[in-house]
Amino acid sequence: MVAVIHQSSSLRNILNYNEHKLKEGKAVCLEASGFLKDATDVSFFEKLHRFEKLTELNQLTKVNSLHISLNFDPSEQLSDELLREIAAAYMNKIGFGEQPYLLYRHMDAGHPHVHLVTTNIKPDGKAITLHNLAKIKSKQARLEIEKEFKLVPAEGSKQQETFRLKPVNAAKVDYGKTETKRAIGNVLNKVIAEYQFASLPELNAVLSLYNIVADTGGERSRVKRHEGLVFRILDEQGNKVGTPIKASLFHSKPTLKNLKVKFTEKAAKKEPLKPRLRNALDLALLQRKIDLAALVAALKKEGIDVVIRRNKEGVIYGITYVDHRQKVVFNGSDLGKGYSAKTVLERCANIGASEGKKQNAEKEKMRQSKSAKEGWRSVNTGQNFNGEGATIKSVGLIETLLDPGYQPEGMDWQLKRKKRKKKRRRLSPD
């Protein structure tokens, strides 16, 4: 069993997600624990009102809701009753047994899984701490439940990666319709809530892994003038396709104004997460013969995706690292001088033939330009070459004039101009 915990500040968004699946026939509500009615009889607004009554008791706690998915091996055949028992045991073990919660079984994936929706605000207004909930309480609860219910055990981080959100498939999205918005919304809810990023380019580094981009528009566009933001889907070549969707149309309101607040909040949380990423890079680069492709593959095994930024000519000018285990994004230069794109490429023993050509293109242009300048200087400093390739020295005009033995030759007499005598005007006598 694999448990994935999402913390949120919007119960309505979490509830909408699961209720929409319910409406489409892709999910069923198995349990409404802490409600006065059976799960099948509770309406959307009754569910929302039950949670909101608790969250109103504590206005200071912004992150006041949990969305947990329990994922099971595809080989396991689990009845609804057994899933209710597993969910109840899990909630008790993580300290949420007394909290109201909803249990949904989803049927839209290749493996059995359920979703739990609850709040961390207790009836007395106090908040249940969420610090290290996934690392400590949830992990211990999972191990105990696997033994108690004889479930297929999770195989560490590798199985965790199996349940990561999949990229949006641009070819399967019906552009301009609800499927596009829903596909983008699912990714935004996960990435913005879980990952630590300090700028729009860092956010886009994560979103690009899911074939999505946050677009501020062109220089003269209406979106740019009004500091707006739209989200678009990317095809396999990274081209923007389909209809752009305004940020304000999503439930979580990921507008540029709201994101800038998050950039400031998340920037402070990034600093302690640098060491793991630096160590992973250093260990990968310890190999004597490692090229860029091998480096990318080595980091991917450690749960780190490498997003390479290139200019129009295809030359690499930046590298961004997305650490999925720590849920953090770093530009290479932010990790230190030894981790910038230029330095990392230099540390690689062999960039690769095709990559080397791209990287050396600019160097070749600079070399040719330098050679041309040097040739110009050699001509102007009196250096030239005879027909046999031997270098001879030309004597410049200044050196000639300053030579003590220099005697100017006389000018040919035929070329001399005769001086014309000026005729005097005679005054006639009166």
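Some values worked out for this structure:
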item: Condition met for ASN71 (surrounded by fewer than 19 Cβ atoms within 10 Å (Cβ to Cβ) and touching a residue at least 24 places away in the same chain (Cβ under 8 Å)); result: no
item: Residues located in segment 21-51, provided they are in a helix (DSSP H, G or I), in contact (Cβ under 8 Å) with a residue 60 or more places away in the chain and open to solvent by 20 Å² or more (accessible area, probe 1.4 Å); result: LYS21, LEU22
item: Filtered residues of segment 68-101 (kept if of a type in the set (A, V, I, L, M, F, W, C) and in contact with a His (Cβ under 8 Å, 6 or more places away or on another chain)); result: ILE68, LEU70, PHE72
item: Residue among TYR90, TYR104 that is part of a helix (DSSP H, G or I) and either at pLDDT 90 or above or surrounded by 20 or more Cβ atoms within 10 Å (Cβ to Cβ) (or both); result: TYR90
item: All positions within segment 74-124 that are of a type in the set (Ser, Thr, Tyr), over 24 Å from LEU36 (Cβ atoms) and touching a residue at least 40 places away in the same chain (Cβ under 8 Å); result: SER75
item: Single unsatisfied condition, LEU54 versus (1) open to solvent by less than 90 Å² (accessible area, probe 1.4 Å); (2) assigned to a helix (DSSP H, G or I); (3) out of contact with any Ser or Thr (no Cβ under 9 Å at 6 or more places or on another chain); result: (3)
item: Helices (runs of 4 or more DSSP H) (entirely within segment 212-299) containing at least 3 residues that are closer than 16 Å to VAL329 by Cβ and not β-branched (Val, Ile, Thr); result: 256-270, 274-285
item: Residue ID - surrounded by the fewest Cβ atoms within 10 Å (Cβ to Cβ), chosen from residues in segment 299-326 that are charged (D, E, K, R) and at pLDDT below 90; result: LYS312
item: Residue identified as under 26 Å from GLU144 (Cα atoms) and open to solvent by less than 10 Å² (accessible area, probe 1.4 Å) among ASN18, ASN120; result: ASN120
item: Filtered residues of segment 189-207 (kept if open to solvent by 30 Å² or more (accessible area, probe 1.4 Å), at pLDDT below 90 and farther than 16 Å from ILE245 by Cα); result: ALA193
item: Search result, residues across segment 339-358 that are open to solvent by less than 30 Å² (accessible area, probe 1.4 Å) and modelled with pLDDT under 85; result: CYS348, GLY352, GLU355, GLY356
item: Members of segment 305-317 found to be of a type outside the set (Ser, Thr, Tyr) and more than 15 Å from LEU203 (Cα to Cα), listed by number; result: ARG310, ASN311, LYS312, GLU313, GLY314, VAL315, ILE316
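The values are calculated or read from the model by the stated rules, or taken from the named source; none is laboratory data. Given the structure is predicted, the values throughout are model-derived calculations rather than measurements. Note that we place each Cβ from the backbone using ideal geometry, even for glycine, and neighbour counts take in every protein chain shown. The protein model used for the area step is the full one, side chains on, heavy atoms only, and it has no ligands, DNA or RNA in it. Shrake-Rupley method; radii C 1.70, N 1.55, O 1.52, S 1.80 Å.
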